[in-house]
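**Q** This structure is in structure tokens; I'll ask about it shortly.
Nothing in this text is a laboratory measurement; each read-out follows from the coordinates by a stated rule. What you see is a predicted model; the values in this text were computed from it and never measured. So basically every Cβ, Gly included, is an ideal-geometry build from the backbone, and we count neighbours across all protein chains shown.
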Amino acid sequence: MERKIEIEEDFNPQERVDSFAALEPEFWKHKKLEEMSQDEWEALCDGCGKCCLNKLEIKNRVYFTNAHCRFLDCQSCLCKIYPHRFEVVPDCRNIDLASVREHPRWLPKTCAYLLLDNGYDLPAWHPLKTKNADSVHQAKMSLKGRQLVNETKVKDYEDYIVDWQDL
Ligand code: SF4
Ligand code: SF4
């Protein structure tokens with residue numbers, strides 16, 4: 001029997017950001033990615049949604065498209081099925097240390113994991129700095145408000161390749 005997938009409708013991004021107050025202040029400045037706790041690791045995600053765009057790999061080069069996973073909510077830039085995503089979407093990638101280091105081009109340039117692993121600080125608009133879940137949207141660093149297409153409408157991904165500066 002097919003399992004019913006519950007969509008998380010009551011998830012509040014600001015509650016998540018408020019919970020960062022329990023973390024060590026500016027932990028990302030003196031810990032390497034491999035030294036972070038699970039809570040610290042999760043807090044690094046800025047909620048931009050850009051890793052949920054479909055990508056193409058052509059001759060060892062990765063191209064982002066503006067075709068988003070069918071389970072991305074384009075308003076909040078959150079996954080509608082987060083707890084079940086790997087069951088439902090077999091090619092949904094877990095963002096762990098191995099994926100950050102082995103497939104860095106599958107993440108956008110602004111991704112916090114990539115920035116920190118390459119010796120940069122978090123950007124000023126990151127919710128860990130602003131304490132505001134919306135700051136990633138206000139800085140126009142998320143997918144919110146962009147011209148996107150649902151992957152279910154796509155026939156040929158090559159027609160949807162984009163060259164956005166922050167990818
Ligand atoms: S690209 Fe990085 S920071 Fe943005 S949603 Fe994905 S994992 Fe989080
Ligand atoms: S299933 Fe994976 S790729 Fe799709 S929206 Fe959720 S996290 Fe993103």
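**Q** Among (1) closer than 28 Å to E158 by Cβ; (2) surrounded by 19 or more Cβ atoms within 10 Å (Cβ to Cβ); (3) of a type in the set (A, V, I, L, M, F, W, C), which single condition is I58 missing?
**A** The failed condition is (2).
**Q** Go through (1) over 30 Å from K29 (Cα atoms); (2) among the basic types (K, R); (3) surrounded by 18 or more Cβ atoms within 10 Å (Cβ to Cβ) and name the single condition K155 misses.
**A** Failing condition for K155: (3).
**Q** Return a yes/no flag: does the range 95-117 have any residue that is in contact (Cβ under 8 Å) with a residue 60 or more places away in the chain, over 14 Å from C48 (Cα atoms) and within 16 Å of ligand 2 (Cβ to nearest atom).
**A** Taking every residue of the range 95-117 in turn, at least one turns out to be in contact (Cβ under 8 Å) with a residue 60 or more places away in the chain, over 14 Å from C48 (Cα atoms) and within 16 Å of ligand 2 (Cβ to nearest atom).
**Q** Then there is this: Report, by residue number, each residue of the range 89-104 that is closer than 16 Å to H68 by Cα and loosely packed, with under 14 Cβ neighbours inside 10 Å.
**A** If the condition is that a residue be closer than 16 Å to H68 by Cα and loosely packed, with under 14 Cβ neighbours inside 10 Å, then P90, D91 are the ones that fit.
**Q** Scan the range 22-41 residue by residue and report those that are exposed (fewer than 12 other Cβ atoms within 10 Å of the Cβ), farther than 13 Å from L97 by Cβ and in contact (Cβ under 8 Å) with a residue 24 or more places away in the chain.
**A** Result: K29, single match.
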